[in-house]
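The values are calculated or read from the model by the stated rules, or taken from the named source; none is laboratory data. Every value quoted in this text rests on a predicted model; they were computed, and no experiment measured them. Backbone-built Cβ (ideal geometry, glycine too); neighbour counts: all protein chains shown. Areas reflect the complete protein model, heavy atoms only, side chains present, ligands, DNA and RNA absent. Shrake-Rupley method; radii C 1.70, N 1.55, O 1.52, S 1.80 Å.
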Amino acid sequence: MDDPYLNGYILNRKAFFPDDCDGNTGHRHNNRQQSRSGNESPSYGSGRYSVPESPEYSNEISAPYEVPQYPIEQIEKKLAIQKQINVKVLEDKRSHYEPSVTSGPIDEREGPSLYLDEHDLVPHFQRVSISGEDTSGVPLEDLEEASRLLVEALQIRQKYMKLSYQSFPTTTATFLHSVNPDANAKLEEQHHDERQSIEEHGIHPPGRANPWEIGLPPDTGHIFKATEGVFQVYLNQTCLEKNEPCDFPYPNLNTYVADMNNMCNMIADGPLKSFCYRRLSYLSSKYQLHVLLNELRELASQKAIPHRDFYNLRKVDTHIHAASCMNQKHLLRFIKKTLKTNADEVVTVTNGVPMTLSQVFQSMNLTTYDLTVDMLDVHADRNTFHRFDKFNAKYNPIGESRLREVFLKTDNYIDGKYFAMIIKEIASDLEESKYQNVELRISIYGKNQQEWDKLAKWAIDSDVYSDNVRWLIQIPRLYDIFRLNNLLPNFQQILDNLFLPLLEVTARPSSHPELHKFLQYVVGFDSVDDESKPENPLFDKDVATPENWTDIENPPYAYYLYYMYANMAVINHFRKERGLNTFVLRPHCGEAGPIQHLVCGYLLSENISHGLLLRKVPVLQYLYYLAQIAIAMSPLSNNSLFLNYHRNPLPEYLARGLIVSLSTDDPLQFHFTKEPLMEEYSIAAQVWKLSSCDMCELARNSVLMSGFPHKMKQYWLGPNYTKEGVAGNDITRTNVPDIRVGFRYETLFDELTNIFNAFRSNM
C-alpha cells in the first residue's frame with residue numbers, strides 16, 4: 001500500500017541525493033563514510049539536509065564554518081539548491097503567519113501579517129518552533145484572561161507614550177492597532193530610509209564648526225499658569241481670562257491613579273503571574289537552544305565582516321553622572337595639577353573670607369605631595385553596601401564638601417571653571433577613542449528659577465560641548481530637605497522652578513538665548529535619590545495637590561514622577577508645535593525599594609536605569625519585554641550598593657530578549673581604568689561568559705535606547721536602523737549578526753501572536 005508521506009520522503013531524498021537508490025543502505029553508508037573523510041567543514045545549507053560533497057573535491061581546512069574552495073560549478077549548484085530551500089522556508093513562513101494570503105483579502109481583525117521579503121529572511125538559521133493547538137501550557141480560560149490583561153496593559157502604556165511624544169515599538173503598536181483600530185486613529189506611518197553601504201553613507205557623522213550657532217525662532221505671547229500642579233499654556237491674556245488653554249493633552253491625576261491601581265492588581269493576579277513566569281522560562285530556554293544551534297554560525301558571520309569588531313563599533317554609556325564621570329586617579333591628577341598651576345586663585349568664601357586654592361588645602365594641612373588615591377577616599381567599598389548615605393559621602397574628596405563644591409559643581413564662586421575643565425578632558429578622551437559616547441546626568445535641584453540659566457551659561461561660556469556627549473537633567477527628590485530648611489513653602493514651588501523656565505524659553509527664546517541653545521543637546525529628565533527610603537508607595541485621587549503639599553514629609557516616588565511626566569508632556573506638545581526638540585523621561589527605577597516604582601516606570605518612562613527588582617515581578621518583566629522598554633544596567637554599581645555581581649539579572653534579561661545595555665553609573669566610585677565603559681563590558685564578559693555577539697548586541701541596544709539624534713544614529717547603525725527585524729540591521733556597522741536580530745524579532749512576533757490570537761478568540 002502506498003504511503004503518501006513515505007512517497008514524498010523518497011522523492012525528497014532523490015532530489016537531494018540522486019545517487020541514493022531505494023533500499024541501498026550499504027551504498028548510502030559508504031557514501032557517507034567517504035564524505036566525512038578528512039576534517040570537513042559543515043555545510044551552510046539551511047534546509048533539513050546538507051549538500052553532499054563529492055570525494056573528488058574533498059578539501060581539508062583548519063577551522064569550522066570557513067568557506068571551502070570548491071570549483072565554481074559546485075558552488076553554483078550549492079547556491080541553487082540553497083535558494084530552493086529558502087523559497088520553501090519563505091512559503092512555510094507565509095503560510096504560518098499569513099493564513100489569508102491565498103484566500104482573499106486580509107482581514108485587519110485577524111492581526112498583522114508578517115510580510116516577508118526574500119531578502120529579509122536569514123539564511124542558515126536553525127529555528128526552534130512549537131507545534132500543536134495549545135502552545136502556552138496553561139488552561140484555556142487562564143490564557144484568555146491573561147491575554148486580555150496583557151493587551152490592556154500594553155494599551156495603557158501606548159496611551160501614555162503617545163501623549164508625551166515618547167517612543168513605542170512599531171511591532172507591538174501594529175498588533176494593538178489590529179485589535180482596536182479606532183483607539184489611536186490611523187496607525188502612524190514611520191518613514192524608513194533604505195540601507196546604504198559605508199562608502200555611500202559613512203559611519204562618522206560630520207562635526208559642527210560651532211555647536212552654539214543656533215537660530216532663535218520668533219517670540220510668541222503665550223502665557224502659563226499651573227492648574228493642580230500641571231502647567232497650562234494659553235495663547236494670550238484673553239484666552240487665560242476665558243480659561244481656554246491650548247489643546248496639549250495629558251492624563252490627569254485621577255486617570256493616573258486608576259491606571260496605577262489597575263497595574264498593581266495585575267501584577268498580583270495569580271494566574272497571570274503563572275502565565276508570565278512560564279513564558280519567561282520558555283524565552284530563556286528558547287534562547288539557550290538558539291545559542292546551541294547557531295552560536296558558531298553567528299561567529300562565522302561576524303568573522304566574515306571586514307574591519308568591524310567590538311572595539312570599533314558605537315557604544316553609548318546610557319547612565320553616567322557628570323559629577324563622577326572621571327576615575328579616581330584622573331580626579332587626583334587634576335587636583336594636583338590645578339593646585340600647582342592655580343594655587344593663588346580665589347575659589348571659595350568661608351565665613352565671609354575669600355580663600356585661594358592653596359589656602360583651602362593649608363586649612364586641611366595638606367600639600368600636593370600628601371595627596372593619594374587612598375586619601376581622596378572616593379571609591380565605594382564593602383561599607384557602602386545598603387548604605388546609600390555613605391555612598392553619597394564618597395562624592396566629597398577627602399571627606400570635604402568644600403572640595404566637592406570647588407571641583408565638582410557648576411554653580412560656585414569660580415562659576416564651575418574646574419568642573420568644566422575636567423569634563424572637557426573626559427570629552428577629549430572620548431573623541432580620541434572615537435567609538436565611545438556618554439549621556440551625562442547633571443543636576444537641577446528646583447531651588448530657584450535661575451538654575452537653568454546658570455547651567456546653560458556655564459556650558460556655553462566654558463564651551464563644554466562634544467559630539468560624543470549629550471545631557472540628561474537629573475532632579476533629586478529633596479523636597480523634604482528644602483522644606484525643613486524653609487527654602488520652599490510647598491511642592492508647587494519646585495515644579496515652578498523646574499518647568500516655568502522651560503516654557504518661557506520655548507515661547508520666547510530671546511529671553512533666555514543661552515538656555516535655548518543648551519537645550520538642543522538635552523535629551524530628557526531623570527529622577528534620582530535613594531529608592532530604598534521608606535515611603536507609602538500608593539496614594540489615591542484625594543492626595544494633596546502640589547500647592548497644598550506643605551508637609552515636611554517627602555512625596556512618594558509615584559507623585560514625583562507623575563508631575564514630572566505631566567509637565568514634560570505639556571512642554572513636549574508646545575515644543576513640537578514650535579518645531580523644537582522634545583524630551584523623554586528616563587528615571588532611576590527598580591534599583592531598590594517597592595516594586596510600585598517599576599509600575600510608574602512602565603506607565604511614564606521611555607526607558608529606565610537599573611531595573612533590578614524586575615527579577616521578582618514576572619508580570620512586569622514580561623510586559624517590559626513585550627513593550628520593549630530599554631533598561632540601562634550597571635552591575636558594578638549594584639555590586640557595591642544593592643546586589644552582589646553574580647546575582648545580577650542582566651544575563652537573564654538579555655537571554656529573554658529584554659532591551660538591556662551596560663552602563664557605568666559612577667566611574668569615580670566603581671571603576672579603575674581610563675575607559676570605564678570598556679571595563680564594565682570586560683568584567684561582564686568574563687563573569688557571565690558573554691560571546692562576541694552578546695557584547696555587540698548590548699552595544700547596539702545602547703545606541704538604540706540613547707538620546708543621540710536620529711541622523712547620528714543613521715551613521716552609527718545605518719540609514720535603515722528604524723526598520724523592524726533583520727531589515728533594520730547593518731552588520732557592517734553594528735557587528736550584530738542578522739541571525740541574532742532575526743531570532744529576537746521572530747521570537748517577539750511569536751509571543752505577540754500567541755497573546756493576540758487568544759485575545760481575539762475571547763472578543
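A compact table of results
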item	result
Residue check, Ala226 in contact (Cβ under 8 Å) with a residue 24 or more places away in the chain and more than 30 Å from His307 (Cβ to Cβ)	yes
Ser511 open to solvent by 10 Å² or more (accessible area, probe 1.4 Å) and among the hydroxyl-bearing types (Ser, Thr, Tyr)	yes
Odd one out for Ile214, checked against (1) aliphatic (A, V, I, L, M); (2) in contact (Cβ under 8 Å) with a residue 24 or more places away in the chain; (3) open to solvent by less than 60 Å² (accessible area, probe 1.4 Å); (4) assigned to a helix (DSSP H, G or I)	(4)
Test: residue in the stretch 528-543 that is in a helix (DSSP H, G or I) and surrounded by fewer than 22 Cβ atoms within 10 Å (Cβ to Cβ)	no
Residue in the stretch 277-293 that is open to solvent by less than 40 Å² (accessible area, probe 1.4 Å), closer than 30 Å to Leu455 by Cα and either touching a Phe, Trp or Tyr at 6+ places or on another chain (Cβ under 9 Å) or among the polar types (S, T, N, Q) (or both) present	no
Some residue of the stretch 718-727 being within 19 Å of the chain's Cα centre (by Cα) and under 20 Å from Ser284 (Cα atoms)	yes
Members of the stretch 656-686 that are touching a residue at least 60 places away in the same chain (Cβ under 8 Å) and either of a type in the set (Phe, Trp, Tyr) or in a strand (DSSP E or B) (or both)	Ser661, Asp665, Phe670, Phe672, Tyr681
Number of positions in the stretch 632-649 that are of a type outside the set (S, T, N, Q) and open to solvent by less than 10 Å² (accessible area, probe 1.4 Å)	6
Yes/no for Tyr565 being more than 23 Å from the chain's Cα centre (by Cα), closer than 21 Å to Asn607 by Cα and surrounded by 23 or more Cβ atoms within 10 Å (Cβ to Cβ)	no
Residue pairs meeting the criteria (Cβ under 7 Å; at least 6 apart or on separate chains; first on the phi > 0 side of the Ramachandran plot and modelled with pLDDT under 95, in the stretch 420-446; second open to solvent by less than 20 Å² (accessible area, probe 1.4 Å) and in a strand (DSSP E or B))	Gly446/Ile475
Some residue of the stretch 708-724 being surrounded by 21 or more Cβ atoms within 10 Å (Cβ to Cβ), in contact with a Cys (Cβ under 8 Å, 6 or more places away or on another chain) and either part of a helix (DSSP H, G or I) or of a type in the set (Gly, Ala, Ser) (or both)	no
Some residue of the stretch 687-706 being open to solvent by less than 10 Å² (accessible area, probe 1.4 Å), closer than 28 Å to Thr170 by Cβ, of a type in the set (Val, Ile, Thr) and outside any helix (DSSP H, G or I)	no
Residue in the stretch 569-579 that is within 27 Å of the chain's Cα centre (by Cα) and in a strand (DSSP E or B) present	no
Residue list for the stretch 227-260, filter: open to solvent by 60 Å² or more (accessible area, probe 1.4 Å) and assigned to a helix (DSSP H, G or I)	Gln237, Thr238, Glu241, Asn254
Residue under evaluation Gln82, criteria (1) within 28 Å of the chain's Cα centre (by Cα); (2) modelled with pLDDT under 70; (3) in a helix (DSSP H, G or I), criterion not met	(1)
Residues being crowded, with 24+ Cβ neighbours inside 10 Å, more than 20 Å from the chain's Cα centre (by Cα) and of a type in the set (Val, Ile, Thr) - total across the stretch 650-686	0
Spans of helices (runs of 4 or more DSSP H) in the stretch 395-488 with at least 2 residues over 22 Å from Phe670 (Cα atoms) and in contact with a Lys or Arg (Cβ under 6 Å, 6 or more places away or on another chain)	none
